[in-house]
Amino acid sequence: MNHNENLLEVTKLRKYFPIKGVKGPGVQAVQDVSFAIKKGETLGLVGESGCGKTTLGRTVLRLYEPTGGKIVYDGKVLFDNPLNPDGTPVGKAQSVNMLPYRRKMQIIFQDPSASLDPRMTVGEIIGEAIDIHKLAASKKDRDDRIKELLSRVGLNTEHANRYPHEFSGGQQQRVGIARALAVKPEFIVCDEPISALDVSIQSQVVNMLEDMQEEMGLTYLFIAHDLSVVRHISNRIGVMYLGSMVELGESYELNRHPIHPYTQTLLSAVPVPDPQLSRTRKRIVLEGDIPSPMNPPSGCRFHTRCPYATEKCSQVVPEFKEHEPGHWAACHLLDK
Ligand SMILES: Nc1ncnc2c1ncn2[C@@H]1O[C@H](COP(=O)(O)OP(=O)(O)OP(=O)(O)O)[C@@H](O)[C@H]1O
Ligand code: SF4
Ligand SMILES: [Mg+2]
């Protein structure tokens, strides 16, 4: 296998947020997550609110500094800090200057209005990204590029002189997309790019992102709350629960044959168009609330809500393993 096929490789990535005045590790938002994304692929990432999707996306870009683990981008180690089982570092952490990667790796933010500076015009917002990375040869070149980007995302070129508050949520998200594209990126974390938008325009924005991916050969990490949003656009899907990646597989396979109990409960809540599948798929309702990532359950983090939990589940962390070709999960039930 050509090793360079993977654009991004993440190994046991961990992100904790220490809390001032409180002893201990703090919020354990991302717990030893491993996955890879191939060039040109869309990896969907789903899970309930607070499970760590945004934190994972931002940590991969090193917008948050990782607590531990390894990130390799296009064959280059961006960060490496392997941890012992007790969480102490094995050796000295290694990291690179991110500036050249800031251009290649972009993010479209979850909340379009909060991610645009209200004091800057849309033209200035897009132009700033072009300036930072010195991507325009002249003022005319820069202005042309801003216009081209605005029309590419379905906005009027005259909109360059307006301020973010003059736009609807959907238009603001288009500005956010134009800003990300302005620097000719390779990889984009799309953090719930449509959740804040009206249902009527969600599919337009998704279609636009898909077209751009094809045109520009982009690679996406596409975050969503809901499996129904990502299942059509993702080649593969990862499912998170309370900071951990619990299952990862090819999109169709994961939807047809989820092997982790948490994914099974998530899918049981999604209406399925296939009547045969719908009959066999029992709706499973999870008991209890999501525990706090400040004090996550021992062993399998899902054990307090899992209908199949055993004694072992509360004591031993299940390993994230490939159970069928390309189909990964972390559950003791699957080890037998
Ligand atoms: N900067 C921060 N400082 C402290 N805790 C944080 C910080 N950012 C996130 N958290 C906590 O980390 C956990 C994961 O949050 P995150 O925003 O990554 O979840 P999410 O899956 O993106 O949720 P949503 O679907 O609501 O966007 C939550 O408990 C959150 O409160
Ligand atoms: S390891 Fe145990 S608690 Fe965790 S998902 Fe599997 S059966 Fe449930
Ligand atoms: Mg989020």
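The values are calculated or read from the model by the stated rules, or taken from the named source; none is laboratory data. In this text the structure is predicted, and so the values were computed from the model without any measurement. Backbone-built Cβ (ideal geometry, glycine too); neighbour counts: all protein chains shown. When the accessible area is computed, the model is the full protein with side chains, heavy atoms only, and any ligands, DNA or RNA have been set aside. Shrake-Rupley method; radii C 1.70, N 1.55, O 1.52, S 1.80 Å.
A Cα-only calculation for segment 100-182 places Rg and Dmax at 11.8, 33 Å. Per-residue 3J(HN,Hα) values for segment 324-334, derived from phi via the Karplus relation 6.51 cos²θ - 1.76 cosθ + 1.60 with θ = phi - 60°, read 10, x, x, 10, 10, 7, 10, 7, 5, 4, 7 Hz in sequence order (x marks Gly and Pro).
Is segment 158-203 best put as rounded, prolate or oblate by its Cα gyration tensor, with a ≥ b ≥ c the root eigenvalues, rounded for a/c under 1.5, and otherwise prolate when a/b is larger than b/c, oblate when not?
Oblate, since a/c reaches 1.5 and b/c is not below a/b.
Taking a sphere under 9 Å around the Cβ of Leu83 and counting the other residues whose Cβ falls inside, with K and R at +1 and D and E at -1, yields a net charge of 0. Here the 3J(HN,Hα) profile of segment 85-100, calculated from phi with Karplus coefficients 6.51, -1.76 and 1.60 at θ = phi - 60°, is x, 7, x, 7, x, 6, x, 8, 5, 10, 8, 10, 5, 7, 3, x Hz, Gly and Pro shown as x. Taking amide H as placed 1.01 Å from N in the peptide plane, Lys15 has its amide H under 5 Å from the amide H of Ala29, Val30, Gln31, Asp32, Thr67, each at least 5 places away in sequence or on another chain.
Report the calculated FRET efficiency for Glu214 and Glu5 (r = Cβ-Cβ distance, R0 = 30 Å), to the nearest 0.05. It comes to 0.95. With a Förster radius of 22 Å applied to the beta-carbon distance between Val317 and Phe17, the computed FRET efficiency rounds to 0.60. Each Lys or Arg adds one and each Asp or Glu subtracts one; over the other residues with Cβ under 12 Å from the Cβ of Gln173, this totals -2.
Using amide H atoms built in the peptide plane, which far-off residues or other-chain residues are under 5 Å from Ile108 H to H? When sequence neighbours closer than 5 places are left aside, the close amide H contacts are Val189, Cys190, Asp191. Remark on Leu8: its backbone amide H falls under 5 Å from those of Ile37, Asp74, a criterion applied only to residues 5 or more positions apart or on other chains, H modelled at 1.01 Å from N.
So for segment 180-336, considering every pair of alpha-carbon atoms, how many percent are separated by more than 29 Å?
Details: 3189 of 12246 pairs.
More than 29 Å apart: 26 percent of the Cα pairs in segment 180-336.
Once the gyration tensor of the Cα atoms in the chain is diagonalised, the equivalent ellipsoid follows with semi-axes of 35, 24, 19 Å, ordered largest first.
Volume per residue for segment 182-229 equals 86 cubic angstrom (convex hull of Cα atoms).
A simple count of charges around Ile223, restricted to other residues whose Cβ falls under 10 Å of its Cβ and scoring Lys, Arg +1 and Asp, Glu -1, yields -1. The alpha carbon convex hull volume per residue for segment 1-142 rounds to 172 Å³.
Taking all protein chains in place and a 1.4 Å probe, what share, in percent, of the accessible surface of the chain do carbon and sulfur account for? Present the calculation step by step, with values, prior to reporting the outcome.
Details: 8420 of 16490 Å².
Answer for the chain is 51 percent, counting heavy atoms of protein chains only.
Just to be sure I follow: if Rg is taken over the C-alpha atoms of segment 60-119 and Rh is the Kirkwood radius over the same atoms, what is Rg/Rh?
Working: Rg = 14.8 Å, Rh = 13.5 Å.
Rg divided by Rh gives 1.09.
Please compare each pair in Lys15/Lys38; Lys38/Lys134; Lys53/Lys147; Lys53/Lys104 to a cut-off of 25 Å on the Cα-Cα distance and tell me which ones are over it. Pairs exceeding 25 Å: Lys38/Lys134; Lys53/Lys147.
Taking 7 Å steps out from each Cα toward its Cβ at Ala93 and Asn207 produces label points 4.5 nm apart.
Under 17 Å of direct C-alpha separation, and excluding same-chain neighbours fewer than eight residues apart, Lys39 reaches these aspartates and glutamates: Glu5, Glu9, Asp74, Glu186, Glu210, Asp211, Glu214, Glu215, Glu250. Over the chain, accessible surface divided per residue gives 49 Å², non-protein components excluded, 1.4 Å probe.
Can you give the helix-only mean residue ellipticity at 222 nm for the chain, where every DSSP H stretch with n ≥ 4 adds -39500 (n - 2.57) and the sum goes over all residues, rounded to the nearest 500 deg cm²/dmol?
On the way: 11 runs with 100 residues, N = 336.
The helix-only estimate for the chain comes to -8500 deg cm²/dmol at 222 nm.
In order along segment 22-31, the phi-based Karplus estimate (6.51 cos²θ - 1.76 cosθ + 1.60, θ = phi - 60°) of 3J(HN,Hα) comes to 10, 6, x, x, x, 7, 8, 6, 10, 10 Hz; Gly and Pro are listed as x.
Taking the inverse of the mean 1/r over every pair of distinct Cα atoms in segment 137-217 gives a Kirkwood hydrodynamic radius of 13.4 Å.
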